[in-house]
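The values are calculated or read from the model by the stated rules, or taken from the named source; none is laboratory data. Keep in mind that what you see is a predicted model, and the values were worked out from it rather than measured. Cβ atoms come from the backbone with ideal geometry, glycine included; neighbour counts cover every protein chain shown.
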Amino acid sequence: MKSVLSAFVGCGSIKHFRSVAVKGTTHEHNMAVVIAIACALPVFGIIMMTLVTDSGECCFICAVCETGYSQHLHCYELKQSDEVQVVNQTDLDYYPLYVYHVVDADYVSMKHFVDDIPL
């Protein structure tokens with residue numbers, strides 16, 4: 001985590017929040033956000049930490065997830081990896097998603113089609 005935070009050296013004071021509003025939508029700790037598209041599947045990140053600099057720049061420290069699609073549940077299954085990524089709020093699809101825990105797996109359901117995501 002220390003190497004991730006080194007990206008903020010020289011940004012002045014940094015504040016940590018459990019939730020923050022982006023474009024009128026609240027992003028909270030442990031919610032999922034789409035951080036990329038790979039092989040026609042969304043790549044999700046689980047928000048671990050929200051940082052805001054003095055200049056108002058908002059970034060999310062996200063745990064990157066491996067994604068699979070569940071035909072049975074019509075949603076995406078997430079497997080959290082060891083990879084951590086800093087994502088600027090302007091680089092995100094601004095719809096955060098609740099993570100649902102079913103049996104021994106975590107799932108998210110998209111609010112719109114992947115093709116509609118402005119990434």
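Below, the figures for the structure above:
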read-out: Filter result for A21 (free of Cβ contacts under 8 Å to residues at least 12 places away in the same chain, part of a strand (DSSP E or B) and farther than 14 Å from M110 by Cβ); value: yes
read-out: Any pair with Cβ under 8 angstrom, 6 or more apart, that starts in segment 60-76 at a residue that is in contact (Cβ under 8 Å) with a residue 60 or more places away in the chain and closer than 24 Å to Q89 by Cβ and ends at one that is among the β-branched types (V, I, T) and not in a strand (DSSP E or B); value: I61/V4
read-out: Number of positions in segment 86-105 that are modelled with pLDDT of 90 or more and either in contact with a Gly (Cβ under 8 Å, 6 or more places away or on another chain) or under 18 Å from H27 (Cα atoms) (or both); value: 4
read-out: Which listed residue is surrounded by 12 or more Cβ atoms within 10 Å (Cβ to Cβ), in contact with a helix residue (DSSP H, G or I) (Cβ under 7 Å, 6 or more places away or on another chain) and at pLDDT 90 or above, from I37, I47, I61, I14; value: I61
